[in-house]
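Only one structure is covered here, and it is reproduced in the block below.
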Amino acid sequence: MLEKAMELLGNGICFDIVHVHDWLAAYPGITVKHGCKIPLICTVHATEWGRNSGLHTDQQRQISDIEWYMCYEAWKVIVCSSHMSEEVSGIFGLPKDKIEVLPNGVEANQFADAVENVRRNGKEAFNEPGRLILSVGRLVPEKGVQVLLAARPTIIRAAPDVRLAIVGTAPAEDMIRSRSNELGIADRVHMYGFVEDEVRNELYAKASVAVVPSLYEPFGITALEAMAAKVPLVTSNAGGLDEIVKHEFNGLKFAASNVDSLAHNVLRLLTFPELGEHIVENAYKDVTSNYDWSQIASKTIDIYRNVIDSAKQNNWYKHLD
C-alpha cells in the first residue's frame, strides 16, 4: 500500500486526506500522513479486544497496540455504531469529540429481482417443500453460528419441516459440520460456503426467517441485507445489532448466546406469520430511509470537508493555501 501511494505521489498526484480502514493499513496511512503533511482519518470496523473478549496472546496485544497508534494519529476516528464508539473510547482512551458514528449501509434494490422471482415461482427451499432459516456471515466463533445450531433441535421439534441454510466460509466450517452430526441434524443443515450475490439474494428471498446470532457484532450488515430482502429477522442483542433492531418492530431480538431465547423468537415468526409481515414492512421502510449508501457517502464527505477546514486553520496542509 505504501509503495502504491509513493508511486502516485511520484506521478504528481496530491492528496487532501489519507483514510485507512483497520490496523493492517495503519502504518502506510501514518507514513503518508507525515510524509505528505496531510490529515489522517481512520475507520475502525472492529477491535482485537472486542473480537477476542480481551487480549490473551502477544499477537493480539501487538494488533491492539497498532489499533491504538492508528487512532492516536488520526484526526477523526469513524465507527459504525454507538456501541463501537463506546468500545474505542474505552479501550483506546479516545475523547468523544474525536469519534464520528456512521452506520454501514445496503443497496436495497439489489434484492428486488430475487424477491420478485420467488414471489412468482414459490418459496420452496432447495426445490423441496418446507420452510428455510437462513444465516449469512463469516464462520468464526464470534458470529455465533454454534448458538443457532444448538437451537435447531428445539426448532425442529416444533416445526419439523424447517431446514437451515448457512452461507459463509472460515475456519469454523469443519466445527459446524461436526456439531451438526453430533446433534443429529446434518440432513437438515445445508452449508453453502461462499456464494455469489445472486445466489445469496435468492436464498434471502426464499427464507422464512433470517437469523444473525452474533456474540460480538460492531454493526451487523447481514441484518440490513435481510431487512432489504423483506425477510423476517431474528438477531442477538450484541453490539450494533441492538441499535439496528427494535424488538417486535423491525425484527425480534434474543439474548446473545442464549439458545432457548433464540429458538423461542424463531418459532414466534414461524408460528405467527402476521408478526413477520408487520416486521418486514417496518424493516424495509427503516433500511431504505436510514441505511442508504448515498446518505452515508454524503455524511462521509461532510467529515472530509470538516477535517480539511480544520487542518487548514491549524496550518497542517503542506500543499494547499
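Of the residues in the stretch 117-124, none is touching a helix residue (DSSP H, G or I) at 6+ places or on another chain (Cβ under 8 Å), buried (at least 19 other Cβ atoms within 10 Å of the Cβ) and at pLDDT 80 or above. Filter the stretch 242-264 down to the residues that are part of a helix (DSSP H, G or I) and over 21 Å from residue 205 (Cβ atoms) and list them by number. Residues satisfying the conditions are 242, 243, 259, 260, 261, 262, 263, 264. Tallying residues that are among the hydroxyl-bearing types (Ser, Thr, Tyr), farther than 20 Å from residue 285 by Cβ and modelled with pLDDT of 95 or more within the stretch 215-253 yields 1. Looking across the stretch 37-51, the residues that are outside any loop (DSSP other than H, G, I, E, B) and more than 17 Å from residue 76 (Cβ to Cβ) come down to 48, 49, 50, 51.
Just one residue in the set 102, 24 is under 27 Å from residue 215 (Cβ atoms) and in contact with a Ser or Thr (Cβ under 9 Å, 6 or more places away or on another chain); that residue is 102. Taking the criterion of being assigned to a helix (DSSP H, G or I), touching a residue at least 24 places away in the same chain (Cβ under 8 Å), of a type in the set (D, E, K, R) and open to solvent by 20 Å² or more (accessible area, probe 1.4 Å), the only residue of the stretch 57-86 that qualifies is 73. Cβ-Cβ distances below 9 Å connect the following pairs, each with a first residue in the stretch 252-271 that is of a type in the set (Ser, Thr, Tyr), a second residue that is open to solvent by 50 Å² or more (accessible area, probe 1.4 Å) and part of a helix (DSSP H, G or I), and a separation of six or more residues or different chains: 271/158. Filtered by the rule that a residue be surrounded by fewer than 22 Cβ atoms within 10 Å (Cβ to Cβ) and either at positive phi or among the aromatic types (Phe, Trp, Tyr) (or both), the stretch 243-273 gives 248, 249, 257, 272.
Residues in the stretch 279-297 that are open to solvent by 80 Å² or more (accessible area, probe 1.4 Å) and more than 20 Å from residue 101 (Cβ to Cβ) were compared, and the one that is nearest to the chain's Cα centre (by Cα) is 285.
Can you tell me which residues in the stretch 18-55 are open to solvent by less than 50 Å² (accessible area, probe 1.4 Å) and charged (D, E, K, R)? 22, 33, 48, listed by residue number. Out of the stretch 94-113, which residues are free of Cβ contacts under 8 Å to residues at least 12 places away in the same chain and open to solvent by 60 Å² or more (accessible area, probe 1.4 Å)? Within the stretch 94-113, 95, 96, 97, 109 qualify. Taking the numbered list (1) under 30 Å from residue 207 (Cβ atoms); (2) out of contact with any strand residue (DSSP E or B) (no Cβ under 6 Å at 6 or more places or on another chain); (3) part of a loop (DSSP other than H, G, I, E, B) in turn, residue 119 passes all entries but (3).
The values are calculated or read from the model by the stated rules, or taken from the named source; none is laboratory data. All values derive from a computational prediction rather than experimental measurement. A quick note on method: Cβ atoms are made from the backbone with ideal geometry, for glycine too, and the neighbour counts reach across all protein chains shown. These area figures cover heavy atoms from the full protein model, side chains too; ligands, DNA and RNA do not enter into them. Shrake-Rupley method; radii C 1.70, N 1.55, O 1.52, S 1.80 Å.
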